[in-house]
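The values are calculated or read from the model by the stated rules, or taken from the named source; none is laboratory data. These numbers come from a predicted model, not from an experiment. FYI the Cβ positions are ideal-geometry reconstructions off the backbone, even for glycines, and counts take in every protein chain you see. Quick note on the areas: whole protein, heavy atoms, side chains included, nothing else; ligands and nucleic acids left out. Shrake-Rupley method; radii C 1.70, N 1.55, O 1.52, S 1.80 Å.
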Amino acid sequence: MTAMENPNRLIDRQGLARLFARWRGEGRRILAPRRLADAGPVDFAEVTSPDEVSFDHVQTVQSAKSAVFPRVEELFSFRRRDNSVELRERDLEALPLTVVFGLRPCDAAAFSALGAILNWDAPDRLFSARRQRLSLVTVACTRSDEHCFCTSLGGGPGSTAGSDLLLTDLGQGGFLVETLTAGGSGLLAGAGSLPPAGAAADKAARLARVDKKFDLQRIGPALAARFDDEAFWAGQSLRCLGCGACAYVCPTCACFDIQDEGGRRLRCWDSCGFALFTLHTSGHNPRPRQSQRWRQRLMHKFSYMDERQGTLGCVGCGRCSRACPVDMSLLEHLQAVAEAKP
Amino acid sequence: MEELRSKARELLASGAVQVVIGYGRGSGGHARALFLRDPGRAHELVYDGSCLQNLCVYLLKPEVRRLGKPALVAHAAALRTILQLAAENQLAEGALLALLPGPGGIETLATFAAIEERVAALDHGLGAGEKEELQRQEAMTLEQRRDFWQEQFSRCLKCYACRAACPLCYCTRCTVECNQPQWIPVPAHDLGNLEWNVLRAMHLAGRCVDCGDCGRACPVAIPLHLLNRKLAAVAEESFAFRAGRAAKADNALSTFKPDDPEDFIQ
């Protein structure tokens with residue numbers, strides 16, 4: 001490679017504080033990981049300054065998906081008038097400009113999978129409008145835990161996919177800044193002139209180590225071969241309680257339920273893990289057993305989405321496993337799928 | 001631990017039970033539920049301070065019931081759960097064996113009477129920390145308490161992990177799933193979250209045995225068990241009744257007594 005100026009920059013905590021102030025001045029809300037209480041869980045919340053942001057956690061409890069797919073969202077409102085119904089669409093221009101700061105590379109990658117489902121057969125105007133008004137300022141992983149498996153799915157602790165800016169903590173309050181999109185350049189516009197990153201800014205040396213845990217190529221065919229193996233799925237799901245914690249913390253789970261409330265049509269998070277999810281009006285339930293619902297969770301993420309949308313419904317963030325009240329480890333179950341003899 | 005393993009081996013090999021519901025090693029070295037059917041794998045059983053989950057939640061799960069008669073590795077709260085489930089006609093005498101690990105070894109409790117006796121001996125009420133937690137709540141003004149719980153419930157995702165983890169939330173169709181009429185709003189907004197969490201706690205008033213699994217299961221760390229603990233205290237004050245102490249007992253909130261003073265109706 002010829003001598004070329006390193007396009008990456010350096011920023012310190014004061015620089016970040018200036019950026020936060022600038023973004024807020026532009027009318028953007030900033031969502032970032034914040035520790036709930038001393039030693040409490042870390043989750044995304046609206047913040048005003050980097051002092052409120054947690055940098056030392058491995059992963060937030062929830063993903064950042066609620067920035068584009070809130071747990072309750074009004075789709076439109078309606079009013080009955082004599083013999084007609086008056087519909088009122090949401091004002092897309094009124095949706096908030098948002099910066100999600102401090103999400104992980106796996107989270108940034110997850111937005112495309114989420115979009116692949118929500119925009120699959122018909123464009124989802126609300127999701128897409130929120131997505132267009134969203135910027136992603138990712139902070140690379142300098143720590144990982146046993147539930148992380150991004151590298152097994154093509155991601156990595158310093159992966160840039162999906163991000164507008166990627167920050168890597170270089171220690172002593174300094175961050176390496178990689179600008180990845182035009183939107184990212186725009187976000188930096190208010191930072192003044194940032195010093196170029198010299199050769200000493202060694203990103204790779206700072207990144208968490210996340211070993212590859214299984215061969216992804218084996219998962220699709222192994223799942224297909226196992227589809228009818230009831231004993232296999234029953235064995236995996238025996239301790240599953242059938243709650244929705246895994247789906248609700250997942251950055252790519254997109255199932256929803258529709259509710260009407262006082263003239264408002266609401267989209268609410270739902271989960272294929274619930275028995276009610278597939279219950280028909282007739283009383284018939286095509287997935288009456290928890291083992292079938294667990295199978296659906298894996299098949300959808302690693303087989304159906306691969307076939308239909310050409311993407312996986314998992315980025316290896318490990319949230320489902322951390323949130324599970326009974327330690328259903330997705331990684332462990334995938335390893336069992338990959339290793340099982342057909 | 002060896003004694004527990006050999007007991008499990010013996011029970012499975014003799015056919016006395018078909019499954020031992022116990023704890024095995026899970027992620028991060030913590031314990032997780034283990035369904036042991038093969039006596040040859042009894043070495044996978046563990047028992048230590050991380051074995052907190054109330055395994056009684058599995059006793060009524062259809063998939064687990066199909067495995068046959070269980071022996072259940074039970075801590076004190078699990079023993080209380082068994083009695084409460086019996087009192088609510090969910091468990092029949094002889095339906096399971098309870099294995100209680102203790103300093104003197106493994107105690108095998110085969111009858112409700114034996115469990116009742118053990119529960120009475122083990123029952124020391126709330127610990128100092130638990131009492132303090134409750135007193136902190138009681139010391140709040142109504143407004144402070146309302147603000148505290150509204151703030152807590154604002155995080156609720158309605159994932160129903162609290163319900164799923166609770167061995168006494170065994171309804172095959174929960175009220176939140178009834179929509180003709182819709183009693184509880186489905187959306188996880190302020191009203192929906194308040195109604196759901198109040199309903200869940202109230203439905204367990206006088207039934208909760210204080211295992212704490214609702215609070216432990218909550219992915220967003222809402223201390224749900226505090227609500228249940230307070231309601232248990234109220235049930236005890238009002239009716240001199242504590243759930244999970246007897247296999248035959250009236251239900252505090254659904255038993256009609258002609259001599260009830262009903263002095264709360266003004």
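What to note about this one:
- Debye equation applied to the C-alpha atoms of segment B:128-239, log10 I(q)/I(0) at 0.12, 0.21, 0.22 Å⁻¹: -0.42, -1.29, -1.40
- Surface composition of the protein assembly as shown: carbon and sulfur make up 52 percent of the accessible area, probe 1.4 Å.
- For chain B, the average shadow cast by the Cα convex hull is 16.4 nm², which is a quarter of the hull's surface.
- By a 1.4 Å probe calculation restricted to protein chains, A:Asp82 has an accessible surface near 150 Å², given to the nearest 10.
- Cα-based convex hull, segment A:216-339, per residue volume (Å³, whole number): 127
- Here is the P(r) of the protein assembly as shown: all C-alpha pair distances, binned every 10 Å from 0, give 3, 15, 24, 25, 19, 10, 4, 1, 0, 0 in whole percents.
- When restricted to Cα atoms, segment B:41-113 yields an Rg and a Dmax of 12.2, 35 Å, respectively.
- 3J(HN,Hα) from dihedral phi, segment A:105-117, Karplus parametrisation 6.51/-1.76/1.60, rounded to Hz, x for glycine, proline: x, 5, 5, 5, 5, 5, 4, 6, 5, 4, x, 4, 7
- Counting only other chain Cβ atoms within 10 Å of each residue's Cβ, the peptide B:165-173 averages 1.
- Label-to-label distance, nm, for residues given as B:Asp147 and B:Asp38 (7 Å Cα→Cβ offset): 5.8
- Packing-based order for A:19-27, A:139-147, using average beta carbon neighbours within 10 Å, highest first: A:139-147, A:19-27
- Working note: Karplus 6.51/-1.76/1.60 with θ = phi - 60° gives segment A:262-271 the couplings x, x, 10, 9, 10, 9, 10, 3, 9, 9 Hz, where Gly and Pro are set to x.
- Residues A:Ile258 and A:Gln172, FRET efficiency given R0 of 60 Å [Cβ-Cβ distance, rounded to 0.05]: 0.75
- For segment B:78-115 and segment A:185-215, distance of Cα centres in Å: 57
- Max mean-square fluctuation residue, GNM over chain B, Cα-Cα springs under 10 Å, options B:Ala13, B:Ala128, B:Ala98: B:Ala128
- Computed over every Cα-Cα pair of chain A and binned at 20 Å starting from 0, the pair-distance distribution P(r) comes out as 28, 54, 17, 1 percent.
- Whole-number accessible area per residue in Å² for segment B:2-121, which is evaluated in the context of all protein chains at 1.4 Å: 40
- Comparing the full protein assembly with the isolated chain (1.4 Å probe, heavy atoms, ligands and nucleic acids excluded), the residues of segment A:134-162 losing at least 40 square angstrom of accessible area are A:Glu146.
- Counting, for every residue in A:310-322, the Cβ atoms of other protein chains within 10 Å of its Cβ and taking the mean gives 1.
- Cross-link reach is defined here as a Cα-Cα straight distance under 19 Å, omitting same-chain residues fewer than 8 places apart; for B:Lys257 the lysines meeting it are B:Lys248.
- Segment B:1-109: antiparallel DSSP beta bridges as a percent of all, rounded to 5: 65
- Counting Cβ atoms of other protein chains within 10 Å of each residue's Cβ and taking the mean over peptide B:27-33 gives 5.
- Projected label distance in nm at B:Ala128 and B:Leu199, using a 7 Å step from Cα toward the beta-carbon: 4.1
- In this assembly, the B-A interface accounts for approximately 2700 Å² of buried accessible surface in total, computed with a 1.4 Å probe and without ligands, DNA or RNA.
- Residue-by-residue Karplus 3J(HN,Hα) for segment A:230-238, coefficients 6.51, -1.76, 1.60, Hz, glycine and proline x: 4, 5, 4, 5, 5, x, 5, 9, 4
- Rounded accessible area per residue of segment B:128-239, 1.4 Å, Å²: 48
- For A:Ala45, distant residues with modelled amide H under 5 Å away: A:Ala32, A:Arg34
- Rg/Rg_ref, segment A:68-183, where Rg_ref = 2.2 N^0.38 Å and atoms are Cα: 1.38
- Violating pairs (Cα-Cα greater than 19 angstrom) within the set B:Lys131/B:Lys230; A:Lys65/A:Lys301; A:Lys65/B:Lys158; A:Lys65/A:Lys212: A:Lys65/A:Lys212
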